[in-house]
Amino acid sequence: MGGLTLFGTPLAFTAPFVLLALAALPALWVLLRVTPPSPRQVAFPPLGLALDLAPKRQTPARTPWWLLLLRLLIAALVIVACAWPAWNPLPASPGSGPVLLLIDNGFASAGDWEERQASARETLEAAVRDGRPAAVVGLAQPAGDISPGGATEAIERLRTLRPVSYLPERAAHLPTIERFLEQNPDSTIIWITDRTALENVNTRANDDFATRLRTLAGERDVEVRGTAFPAGVTLADTANARDGLTVRVRRADPRATSEGRLRATDLKGLTLGETGFAFPPGALETEARFDLPVEIRNAVARIDVAGESSAGAVALIDGRQRRHRVGLVSGAGADTASQPLLSPTFYLTRALEPYAELREPRGTVSEAVDRLIDEQATVIVLTDVGVIDPRTAGRLEEFVRRGGILLRFSGPRMANSDEAFVPVRLRQGERTIGGALSWDTPRTFAPFPETSPLHGLPVSDEITVSRQILAEPDANLPRRTWATLTDGTPVITANRLGEGFIVLVHVTADATWSNLPLSGTFVEILRRIIALSETAGPTDNGDAVVTTETVSPQRVLDGFGSFQSPPPTARPVARGATERASMEHPAGFYGANEAPVAINALAPGDRPVALDISALETTVQPLASMQNIDLRQPLLLAALVLFMLDTIISAISGRGRRRVRPRAAGVAASLLLVGVVIHGGFPLAAPAHAAPADKRQLPTISDVDRQAALQTRLAYVITGNDEVDEISRAGLAGLSQELSYRTSFEPGDPVGVDPATDELAFYPLIYWPVVAERPMPSGTALRKIDAFMKSGGTMIFDTRDAWLQNASSDASPTAETLRLRQILAGLDIPGLEPVPADHVLTKTFFLMDHFPGRYATGETWVEALPPVPEGEPRPARGGDNVSPIIITSNDLAAAWASDDFGNPLLPTVGSDPDQHEMAARGGMNMVMYVLTGSYKADQVHVPALLDRLGQ
Amino acid sequence: MVHVATQPDRSRFPGLAEAEAAHDLAARLPRLVLESRRVSASLAHGIHGRGRAGPGENFWQFRPFYSGESAGNVDWRRSARDGRLYVREREWEAAQTMQLWIDRSLSMAFASSLALAPKVERAIVLGLALAETLVLAGERVGYAGALSPRANRQIGEQIAQVLAADATGAANDLPPAIPLKRRDETLLIGDFLSPLADIERVVSTITSNGAGGHAIMIVDPVEETFPFAGQTELIDPQTGERLRLGEAAAWRDSYRQRIASHRAGLQDIMTRRGLTLTTHHTDRPASEAALRVLSLIASRRDGKA
């Protein structure tokens, strides 16, 4: 069944039955005429005073006929629009079976995506009118089963289809297309193509796609739509060369864009530079160059073609193109690891970290240098390396000649060696200025000479040099001097060797000879020297260092070349990856913002070529057919305009005549109308495929957890034995009460927790009375308890059997003790010891020597402290951590438990009449210990510290 | 847009809610102010000197001892100064009486969406709160025609009980025309929407012995501003009369003039009869009116003392 076509005019309705509603219009007319709006009734007590006041003006209660007509017209327009009229509908595609719509949605189709989508939508709308099923396949999407659904759903799918930042693997879809065609032999195939492929990249498969599609289609016609030639340009092969940032601009067809402008932006999207490009006539490739200062060039993160919205016309640049790999080699032994501040590389590392990628290989000097050269370092720093063996020296020389920079720092080893691999000849031994045996004061830096690359850096008087290595004066020395002291002694010298430099700093890289490494000038000097390698870096780009570190996607490009958050399908890449974008790795930045890895739509050397579709033996149809006009949108717009007119008329002519309710209804109706217009007409820019991360629902927080998070509480483990649980609760309640009486800690009501199900993180202290009759806690519970103890919580295990232990001293453990052992066997428990007399637990609030409960005889165990250090005995010791576990057998809770009047609930066993009090004090000490940690252990030193300060 | 609602009939008989609200308000009123006033004027607020000797706390005069009197009356300290015997007399002090009346007619059971509370509820809360405050300050409070004056701490509950039981009184929109004693005061709370002649007749009867008093006029903001527009039918809840307005906004100005002249006439009557008039809008907090009336009561006392 097709749409209703009216009397040969090219007007068709998709849903003609809706027009029947027009018959209801006269009824509406009558209804509106017959029932005038009833007046609003208002109770008004002072009316009696004003009854005699005659109303001044009465307005008619009836709507004028023309207004009525206007409203009927609005209703009619909405009804007709709902019938989905179309002017000049697309001639239905040949055939009557399902429509299979294949769409290239790689980056090459992003430029005219709107038209492609519109073309596809027209086809699908025609299918809707004809009642044909349809399927939409984005060829750059992962291949999946194609099943013909309703054409309306296909339109929805089409709307969510976006161009992606890589080129489609068309051939991957062939099997599913084949299956589809087998199941639906009467289907029609339409392929909307961008006709772009990459040279030498799956070209065969892509060209084959046309051939094999032809084979699959058999007798059917394959309609191909698209542009006459691939129109876009692509960027690839960015290179941060000596004389500028270059990028190769390529096109697939000589008729495509022949000139344009490139824009370079930094990570934040600020434009750093612009340049133009132009293809020589007929050429498919050209080069564009940004002439920018090195620093600015280094900040460039993205180059794109102005006006070209395609991920292919975007080149992302990461640290591999702009950061320098600096290798640090120290002549000092490995023993400096224990004292980092004395290590000569410490200051270098701190100074260079922000600007360069640092490598510090282990091993001997020659091994380290070998590795650094293999790793494509651009700068190698040698600190206090004395003798360099000839083979290494040879490699270093070659490295420098090719453009590397060798930066050497002096040191005792160097001063006492006969060194050849330096920019100037050196004197044996070093000069000491300002030492005990010298009359001089330490020298400061003179302003940097104009010939020096360091010229212009600020010189601080605070930088002093007390020891240095001296250069033999000769004719070349002034030329090779980059920095001198105030007395003219060279302190940084350099020599050009081939393409690179050998730079020698005549002081050490640590602060023993000079405080230069401590100053900001040091950082600036290093930056300048490293920047030199910009212009002299090794150029052969060998195989990149393969690291196994992977970085996850941070910001990826969509097909239009704009950044967005990564889709869930995006996967991390290896840090050294240079691959082209794919479905799993969309183009974009991966990894942290400081050192992102860029994945580009095109790998270096990729050239776009036109796809060969001659095998399909069909002509390429243009994308847009402009004749088909969907009339819904103009009709609804007209209705909306009339509605506004109606509102204005009623507002002007009959202020207040209309009742309130209809006005509110009118607003609702207009909103509805706007909604319909938007929905029916305008393709929304943001379809409903928001990042799923946004929709992730946070877990709900239970009320108990919320309360526990809002107020600190003590907790006990619910054992399942009602009697024990009640005593635990009463005990902790009593202890909480005592705490708020006597300390500044006012805990909330105690909470019973089930470690298997409840969140424990909110409680500082959990009391666990061990009950032998109850089953063992589950594995989940034990894991959660383990995590609780590891993350800073403290468990008190109470076997409550001190009395029994005492009675049977023949060391056969009680059932509770056995159960406790079972529980602890499943936990990662540190070494334990009975609370030593100097443990901080005995001093956190009260001074205690033991921790009685109902019984006073049981031992209390805590995590073993580190052994007593040598020297002065300390009055209190606590480890750095709070003991995660306290084990007792004294039945603490039973002693803490009190009734509402503060009277103890249970008697104590023992002769001490104050045992209840002592138990409560012990409990308070435990809580304070858990809350304050080793604070009290430090606190006991306060008198001594004050004493010392006083002296 | 303003909505108005006539309250259910129950609302005109105070319940627990009103009593509690009155308690609340009474508790917030500044007793301290009254207290300090009493100290400075050596006049208890409520215990008012009668200008002659009698039972009281303050010194009035020394008079010679008459033979035959109880020797215990002799003020020995004064008598020791000369040879004669004196008796210390104190000033006769008596509490003042406040007659409360609250309008609970149908027109009071009215609230618009602009108001914080229905008029009747506000009137009862104000009345009970003032009653409690006055009793706490030593006054005696009664309810016109239903409750004799008393200084009971539970006066709020008692008046509330009286009001709850008094169904006939609830229909009247004017207080019972009973003359008060000269030193008594009356406290009338209502909307005073009756014709001015009726009001004048009643008020003049009440004050015929020279008693003064205070009146609080409870006004819903809608009654003041008349914010209606459009086709409207006005209904008088008391009489059931209806007025149909084609365009309510056009009627507004003339209505406002009318209500203003009514207000002016009322003010005139009250002033002539020695009553103060406080206009209270129900979109304002009750404490405002309560404070104003309390200060008026206090200032009147000061004037008389």
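Quick look at the numbers
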quantity	calculated
From phi via Karplus (6.51, -1.76, 1.60), per-residue ³J(HN,Hα) for region A:778-787 in Hz, x at Gly/Pro	6, x, 4, 4, 5, 4, 5, 5, 4, 4
In Hz, Karplus ³J(HN,Hα) per residue of region A:113-122 (6.51, -1.76, 1.60; θ = phi - 60°; x = Gly, Pro)	4, 4, 5, 4, 5, 5, 4, 5, 5, 4
In nm, spacing of pseudo-spin labels at A:ARG362 and A:VAL641 (7 Å Cα→C-beta vector)	7.9 nm
Mean separation of Cα contacts under 8 Å (6+ apart) over length of region A:703-942, as relative contact order %	23 percent
J(HN,Hα) series, region A:631-645, from Karplus relation 6.51 cos²θ - 1.76 cosθ + 1.60, nearest Hz, glycine and proline x	8, 4, 4, x, 5, 5, 4, 4, 4, 5, 4, 4, 5, 4, 4
Amide H contacts under 5 Å for A:GLY752, placed H, 5+ residues apart	A:TYR716
Gyration tensor (alpha-carbon) shape descriptor, region A:703-942, a/c threshold 1.5	rounded
Cα gyration tensor category, rounded, prolate or oblate, for region A:135-276 with a/c compared to 1.5	prolate
Cα centroid separation - region A:579-604 against region A:255-280, whole Å	20 Å
A:ARG408 long-range amide H proximity, modeled H, under 5 Å	A:LEU382, A:VAL503, A:LEU504, A:VAL505
A:ARG289 versus A:SER911: modelled label distance in nm, points set 7 Å from Cα along the beta carbon direction	10.2 nm
Euclidean distance between Cα centres, region A:348-370 to region B:194-265, Å	94 Å
Point-to-point label distance, B:ARG183-A:ASP389, nm (Cα→Cβ direction, 7 Å offset)	12.4 nm
Shielding score for B:236-243, defined as the mean number of other chain Cβ atoms within 10 Å	5
5 angstrom amide H check on A:ARG443, placed H, neighbours 5+ away	A:VAL465
Whole-angstrom gap from region B:56-82 to region A:766-793, using each part's C-alpha centre	88 Å
Order of A:GLU472, B:GLU185, B:GLU288 under a 10 Å beta carbon neighbour criterion, fewest first	A:GLU472, B:GLU288, B:GLU185
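No value in this document is a laboratory result; all are computed from the given coordinates. Values in this document were obtained by computation on a predicted structure and should not be read as measured data. In this analysis, Cβ positions are derived from the backbone assuming ideal geometry, glycine residues included, and neighbour counts consider all displayed protein chains.
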